[in-house]
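A quick write-up on the structure given underneath.
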Amino acid sequence: MKKKIEKQYCRYVLLEYATGKELVYGEKKKDCSELYYAGSFLSLRGIVREYRRFVVLKGMTCLIVYWASKRRVKREALGSVVSPYGLFCGFRAAGRSGIDCTYPELVSEGV
């Protein structure tokens, strides 16, 4: 008998590791059991656990940071949004953002 995989509500951001620029961000249900646990913090939604993972996408080393929590506002839809820099690099998503963001503090910490 297979064990049921417990998926959690997560917000995530996909960053180019070399520059710290945001490529894609969004929300999804994710099984975080095999990801690197980077700590937790307290927010208005309760305890939020942070997970990280490195991947190579489109020839770039990328860092994906997931923030998992138990609570989710019902009106929020799951989905992804691509940044202008992400569009330039060839990424696609359901929505588009008009703002480029950089997260040097997430990249400098590493894993």
Would you please give the residues with an amide H less than 5 Å from that of Lys21, counting only those at least 5 places away or on a separate chain, with H modeled from the backbone geometry? Glu16, Tyr103
Counting only protein heavy atoms and using a 1.4 Å probe, what share of the accessible area of the stretch 29-107 belongs to carbon plus sulfur, as a whole percent? 55 percent
Here the stretch 32-49 yields Karplus 3J(HN,Hα) values (6.51, -1.76, 1.60; θ = phi - 60°; whole Hz; Gly and Pro given as x) of 9, 5, 10, 9, 6, 7, 10, x, 8, 8, 9, 9, 5, 8, x, 7, 10, 9
Taking every other residue with Cβ under 12 Å from the Cβ of Pro84 and scoring Lys and Arg +1, Asp and Glu -1, one gets 0
Checking rank on 91-99, 46-54, with mean other Cβ inside 10 Å and highest first, the result is 46-54, 91-99
Under 20 Å between alpha carbons: how many lysine pairs meet that in the chain, if sequence neighbours fewer than 8 apart on the same chain are excluded? 20
For the chain, what is the convex hull (Cα atoms) projected area averaged across all directions, in square nanometres? 8.3 nm²
What is the magnitude of the charge dipole of the chain about its Cα centre, with +1 placed on the Cβ of each Lys and Arg, -1 on the Cβ of each Asp and Glu, and no other charges, expressed in debye to the nearest 20? 800 debye
Ellipticity estimate at 222 nm from DSSP helix runs (n ≥ 4, -39,500 (n - 2.57)) divided over the chain, nearest 500: -2500 deg cm²/dmol
Given contacts defined as C-alpha pairs under 8 Å and at least six residues apart, what's the relative contact order of the stretch 13-83, whole-number percent? 36 percent
Whole number in Å², please: accessible area per residue of the chain, 1.4 Å probe, ligands, DNA and RNA not counted. 66 Å²
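The values are calculated or read from the model by the stated rules, or taken from the named source; none is laboratory data. Bear in mind that the values here come from a model prediction, so they are computed numbers and not experimental data. FYI the Cβ positions are ideal-geometry reconstructions off the backbone, even for glycines, and counts take in every protein chain you see. The protein model used for the area step is the full one, side chains on, heavy atoms only, and it has no ligands, DNA or RNA in it. Shrake-Rupley method; radii C 1.70, N 1.55, O 1.52, S 1.80 Å.
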